[in-house]
Amino acid sequence: MGDVYAAMMQMEQQTTALPSTPQLSSVRFSKDLDLSRLEQFDAVRFQLLSRACEQRLQTHLMTSTATGEGRTTCAIYLGLAFTQMPQTRVLLIETDLTSPSFDRWFDLPSEPAGLTAFLEGRVQNLDDIMYEVQLPGIETESNNLCIWVIPAGVMGKTPPSTLLTDPKLPILLNRCKDLFDHVVLDSPPLNVNHDACVLGRLCDESVLAVALHRTPGPDVDRAKACLIKHGCEIAGVVLV
């Protein structure tokens, strides 16, 4: 943890990329980005930050009613939209431990260390589970050269729902809030279990990704009711 902090403090002083020592693992995007979609999420970012008049909103949960509704895509593009802001450090955390998909977006190692390894105590240092991703061909005046990701990692013997209620998770999020300006969590869908609600309570706000013309209205209402019941702050709905 100290290595990450020291590296970022040095980055801020030099206004350059992270120094070679200490060095986080560096990966690249494995998909071409849709710049028109990024512009759309710039508007989403603006709407979310307009709610932050009285308090700082740093942690943002992206969830959905079911699988296949574009939740991960929304989480990644929201994170990229935050990088368009000057001197803004952004972290993406994959918390869908049952069906992780960051490996489709980033050229991660075949069995990356990730969130599961930290929560199970197999690693203690965030440097070991955090990856620096170079921003691919995005024209920006923000001087941000990269975004950081923590993938789900390889599952051990502990069930996902048990891991996501581990007391180390809020500790990890608090540490990440010290290091990053914005942290976006890609969570499990709400029709699988209530893990998203557990995660939503730890975040400043929750956003619901909804597939236009595909997600039934009653499913959206039930998802919103579930989040509210568990004390989550709903920021809004993103139509995909």
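Observations on the model:
- Equivalent ellipsoid semi-axes - Cα gyration tensor, region 175-240, angstrom: 22, 14, 10
- Amide H within-cut-off set for ALA211, under 5 Å, with H built and near neighbours excluded: VAL240
- Couplings 3J(HN,Hα) of region 57-70, computed from phi: 9, 10, 10, 10, 9, 10, 9, 8, 6, 8, 6, x, 9, x Hz, in residue order, whole Hz [Karplus 6.51 cos²θ - 1.76 cosθ + 1.60, θ = phi - 60°; x for Gly and Pro].
- Among THR116, MET130, TRP105 - extreme Cα towards positive end, dipole of the chain, charges at beta-carbon: THR116
- Percent of Cα pairs in region 37-167 per distance bin of 10 Å, from zero to the largest separation: 11, 39, 35, 14, 0.
- Karplus (6.51, -1.76, 1.60) ³J(HN,Hα), θ = phi - 60°, over region 83-94, in Hz, Gly and Pro reported as x: 5, 6, 8, x, 6, 10, 8, 10, 10, 9, 10, 8
- For region 81-188, applying the loop criterion from DSSP together with a ceiling of 10 other beta carbons within 10 Å to the trypsin sites (Lys or Arg not before Pro) yields LYS157.
- For ILE234, distant residues with modelled amide H under 5 Å away: SER206
- GluC sites (Glu not before Pro) within region 100-139, DSSP loop, no more than 13 other Cβ atoms inside 10 Å: GLU139
- With N the number of residues in the chain, Rg(Cα) / (2.2 N^0.38 Å) evaluates to 0.95.
Since every read-out is calculated from the coordinates, none of them should be taken as a lab result. Keep in mind it's a predicted model, so treat the numbers as computed, not measured. Cβ atoms come from the backbone with ideal geometry, glycine included; neighbour counts cover every protein chain shown.
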